[in-house]
Amino acid sequence: MCVGLPAKVAEIKDGMAVVDASGVKRTVSAELVENLVPGDYVMVHAGVAIARIGSDDAEEADQVMAGIN
């Protein structure tokens, strides 16, 4: 099973994005998602932003992950 985590894009530079995933900031590849801008939400898997998602989707994914703990 693969798990993607929602994250908010904080900044973008040279094909990489700094994202905030539940308060943890990390740098991921942004090559697969076109026209990302700070404030967008993305699904991150294995250090790669794989899809743009809506803020509602990000919030729902956070709630699901919190329920797993």
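LEU5 meets each of the listed conditions (1) at pLDDT 95 or above; (2) within 8 Å of the chain's Cα centre (by Cα) apart from (1). The one condition from (1) out of contact with any Phe, Trp or Tyr (no Cβ under 9 Å at 6 or more places or on another chain); (2) buried (at least 18 other Cβ atoms within 10 Å of the Cβ) that PRO6 does not meet is (1).
If you go through the stretch 21-40 and keep only what is at pLDDT 95 or above and not in a loop (DSSP other than H, G, I, E, B), you end up with LYS25, ARG26, THR27, VAL28, SER29. Note on the stretch 21-40: among residues that are among the hydrophobic types (A, V, I, L, M, F, W, C) and under 25 Å from ALA66 (Cα atoms), the one that is most open to solvent (accessible area, probe 1.4 Å) is VAL24.
Applying the criterion of being touching a Ser or Thr at 6+ places or on another chain (Cβ under 9 Å) and surrounded by 18 or more Cβ atoms within 10 Å (Cβ to Cβ) to the residues of the stretch 41-60, the residue that is modelled with the highest pLDDT is ALA49. The residues in the stretch 11-20 that are open to solvent by 50 Å² or more (accessible area, probe 1.4 Å) and in a loop (DSSP other than H, G, I, E, B) can be counted, and the count is 1.
Look at the stretch 5-34: where a residue is farther than 19 Å from ALA61 by Cα and a partner is of a type in the set (S, T, N, Q) and open to solvent by 70 Å² or more (accessible area, probe 1.4 Å), sitting 6+ places away or on another chain with Cβ atoms under 8 Å, you get MET16/THR27; ALA17/THR27; VAL18/THR27.
The values are calculated or read from the model by the stated rules, or taken from the named source; none is laboratory data. As the structure is a computational prediction, the values presented were derived from the model and not from experiment. Note that we place each Cβ from the backbone using ideal geometry, even for glycine, and neighbour counts take in every protein chain shown. We work out accessible area using only protein heavy atoms, side chains counted, and drop any ligands, DNA or RNA first. Shrake-Rupley method; radii C 1.70, N 1.55, O 1.52, S 1.80 Å.
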